[in-house]
Each structure stands twice: as C-alpha cells, then as structure tokens.
Amino acid sequence: MSRPPIDLRSDTVTKPTPAMKRAMMEAELGDDVYGDDPTVNALEAMTADRLGKEAALFVPSGTMANQIAAAIHTRPGDELLCGETSHVYVWEAGGVARHSGVTARTFAGDAGLLRLEDIEHAIRPDDIHYTRTRLVWLENTHNRGGGRVHPMESIAAIRHWSRENQLLMHLDGARLMNAVVATGTAAADWARHFDTVSICFSKGLGAPVGSALAGSAEMIRRARAVRKLLGGGMRQAGILAAAAIHALEHHVDRLAEDHANAKILADAFRATEGFSLELGPVETNLVWVAVDPSMGTAAEVVAYLKTRGVRLSALGGQVIRACTHLDVSREDAEYAAGVIRQIEPAMITAVTLVY
Ligand SMILES: *Cc1c(COP(=O)(O)O)cnc(C)c1O
C-alpha cells in the first residue's frame, strides 16, 4: 500500500475533522440575512471578543473580508498603501480597483513587511493633481514575506504616525492566529492597532469555509451592507459558522505543531544542496524555498516530489512553497523531510523526461 499524498500546497486544503462535522450537524440555524442565525451571531460575538473589537461580520472568504474593508474605509479615487507582495495587491484580482475605485500604492518594504520609513513620506499633498492617501494595509503573518510575523514595534510606530495623519489602518490577518501562537501576544493586542482586522477560519484553523471582518459597530454596520452588495449575504450560514467556532475553540493552540513541522521541512531544505530558504528562518507554517537552477525549475521539483507522494506549490520560476496545517502530522513532516533530503539533480531530470 502506498501512503496517501502529503499535501503541503496550502493550509486551505484541510478537511473538516469528525468533531467539526458533528458541531456543524448540530448547529442551530436561522436566516442570517434577517440576523436570525444564532450560530452566526455567536461566531460574530466570539470573533469580536477575541479581537477586542465591538463587532464582527462573518463572510464567505478572506478576499471578501478584505474587499469589504477597502470599501468601507475609502471613497473612489482614494489610495491605499501596501506591500508589493501583499495578498490584497497580488492575489485578489485587482479587487480594490474594481470594487472600490481605489489605487494601491506599493512598497518593497522588508520582503513585503512595511516599515514606517517605507511610507512616512508617502502621503499625497492636498492638491488637485493627487489622489487622497487614505488607508494603510498590513498583513500578519505575511504570506509572501515568508510567513513572518510583522514586528509589533513596527506596527505600533506606523499606527502612531497614521493617527497623526488621519489615515485608517486595516490588518489582513488571514493568519493572525499563527502570529498569536508564534509570539504569545494575544489577538486583541495585535488588533488594537487597526481600525479593522480580517481573519480566515479556512486556513490553518481548518474550517471548510469562512472568514470574518472585525471593527467598530459602525464600521461593521456598513460592512454588512457591502457584504450584501457583493452577494455575500448567506442564509442558514450557521452550519459554516459552527465549523469556525469549533476551529477557534480547538484549533488555535495546535498551530504550534504546524510551526514545529514547518521547521522540520525548513531544516531539510536548508540541508539539501540546490535549495535555500528564500526569506530566512521559518517563524510560522510557511516555508518559502529558492530552487537553484542547477536543480531544475520550481515546476520540475514540484513534479518530482509529487511522484514521491509530497505535494508542494511552485509559486515562481525558481520558488516553491511548503505549507503545514491540521492535516499534516509530525510523521508526515518527517517523511516529507526525508524525501527532500534525498533529492539530487539527476532525479529531477529523470522525472522531467517523462512529463
Ligand atoms: C488566503 C489569504 C487571503 C484570502 O482568503 P480566501 O479565503 O482565500 O479568499 C487573504 N489574505 C491572505 C494573507 C491570505 O493568505
């Protein structure tokens, strides 16, 4: 019997656990567009509480949570400031331009993590030639920044400056709970620097669907209207919210296992000729790896690993990403690390010939 493939492509590939499915089956339901779903209401209250905000809104995806945040904080013609590799800029189909008529002004930052010095001179003067600079957008942990945690001092400095300059701040916290577990700093302590925060239940937390946006009661009231506009008002959504509640209650602390497993993979890549960690030491559950051309291309390495039962993503010509999550055990990580450590260029070439 060959073993089932170890899927390290993303932390979105998790399947609901039996306990999570039971919670979904047993959820009390109602029509959430009428505000009648007690399970959605409970999730929204729980999320707001965790993030230290007045209110939260359950939405189908992290992309929608971010798009709603951009919509409520800006008016058409405004500009937001973000890292050039931020999810909102790279992976949301240009949504802020299409939904909100907003331009994104990007900065290299520290591999995508913005620092005050990157943006402190970026505010446009009040002049008919310019857009209005309105919103600062951070991401924590930063996906394309190697899954790194955005340093708290840097966030606090940006917040101080943004307040003085009447800018709003949004946190794309799709993986905020990974930052919480990696640092021991509570979610509300991160969130207090931002006007709104989005979090994903369907990444490492292991729910099948769903994200949330949290902020002031007034912001979330407006967010609810934008959610409807985007077609994101869901009816008996408690069946999904129950999975998210289960995830918040049972799957946060265990992210530490994902981080430990990511280090096992990172060590294997670091020890194997032809690979290097693209963005330095691994802090959470993402391992971004640069593939030396002597080893072949990223796509070729990924194709070879697939034949060995280990699935990764090629996310650039010479870049691959491994991602640990709820459905990757320590034993899986060790097995995958063993396969990685055995890779030699001849193997990659051999596979490439048959593809
Ligand atoms: C995955 C992700 C999102 C979007 O979430 P979806 O649910 O896939 O739309 C937003 N931001 C970051 C940093 C992400 O990794």
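The values are calculated or read from the model by the stated rules, or taken from the named source; none is laboratory data. Please read all numbers here as calculations on a predicted model, not as lab measurements. FYI the Cβ positions are ideal-geometry reconstructions off the backbone, even for glycines, and counts take in every protein chain you see.
Okay, here's what the table says:
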| quantity | calculated |
| --- | --- |
| Failed condition for residue 16, given (1) closer than 29 Å to residue 165 by Cα; (2) within 16 Å of the ligand (Cβ to nearest atom) | (1) |
| Of all residues in the range 103-128 being within 16 Å of the ligand (Cβ to nearest atom) and part of a loop (DSSP other than H, G, I, E, B), the one that is nearest to residue 281 (Cα to Cα) | 111 |
| Residues that are over 30 Å from residue 253 (Cβ atoms), within 23 Å of the chain's Cα centre (by Cα) and at pLDDT below 95, drawn from the range 270-316 | 316 |
| The lone exception for residue 70 - which of (1) farther than 21 Å from residue 208 by Cα; (2) buried (at least 24 other Cβ atoms within 10 Å of the Cβ); (3) touching a Cys at 6+ places or on another chain (Cβ under 9 Å) it fails | (3) |
| Checklist (1) in contact with a Leu (Cβ under 7 Å, 6 or more places away or on another chain); (2) under 20 Å from residue 279 (Cα atoms); (3) at pLDDT 95 or above applied to residue 111, failing item | (3) |
| Enumeration of residues in the range 74-102 that are assigned to a helix (DSSP H, G or I) and out of contact with any Cys (no Cβ under 8 Å at 6 or more places or on another chain) | 87, 90, 95, 96, 97, 98, 99, 100 |
| Residues of the range 53-73 that turn out to be away from the ligand (no atom under 11 Å from the Cβ) and assigned to a loop (DSSP other than H, G, I, E, B), as a count | 2 |
| Residue count, the range 233-243 (criterion: within 14 Å of the ligand (Cβ to nearest atom) and either over 15 Å from residue 43 (Cβ atoms) or without any contact (Cβ under 8 Å) to a residue 12 or more places away in the chain (or both)) | 0 |
| Filter result (within 17 Å of residue 88 (Cβ to Cβ) and outside any helix (DSSP H, G or I)) within the range 152-183 | 167, 168, 169, 170, 171, 172, 173, 174, 175 |
| Top-ranked residue in the range 184-223 [being more than 11 Å from the ligand (Cβ to nearest atom), of a type in the set (A, V, I, L, M) and part of a loop (DSSP other than H, G, I, E, B); ranked as surrounded by the fewest Cβ atoms within 10 Å (Cβ to Cβ)] | 186 |
| Residue check for residue 32: more than 23 Å from residue 135 (Cβ to Cβ) and among the charged types (D, E, K, R) | yes |
| Filtered residues of the range 281-311 (kept if part of a helix (DSSP H, G or I), touching a strand residue (DSSP E or B) at 6+ places or on another chain (Cβ under 6 Å) and surrounded by 17 or more Cβ atoms within 10 Å (Cβ to Cβ)) | 298, 301, 302 |
| Selected residue [without any contact (Cβ under 8 Å) to a residue 40 or more places away in the chain, over 16 Å from residue 194 (Cβ atoms) and buried (at least 16 other Cβ atoms within 10 Å of the Cβ)] from 101, 95 | 95 |
| Within the range 45-63, considering residues that are more than 19 Å from the chain's Cα centre (by Cα) and not aliphatic (A, V, I, L, M), the one farthest from residue 184 (Cα to Cα) | 54 |
| Scan of the range 129-145 for residues that are within 10 Å of the ligand (Cβ to nearest atom), part of a loop (DSSP other than H, G, I, E, B) and not basic (Lys, Arg), ordered by number | 140, 141, 143, 145 |
| Residues of the range 263-280 satisfying the condition of being among the aliphatic types (A, V, I, L, M) and surrounded by 18 or more Cβ atoms within 10 Å (Cβ to Cβ) | 264, 265, 266, 268, 279 |
| Cross-chain or 6+ apart pairs with Cβ under 6 Å, the range 311-330 first and farther than 16 Å from residue 203 by Cβ, then of a type in the set (D, E, K, R) and assigned to a loop (DSSP other than H, G, I, E, B) | 311/9 |
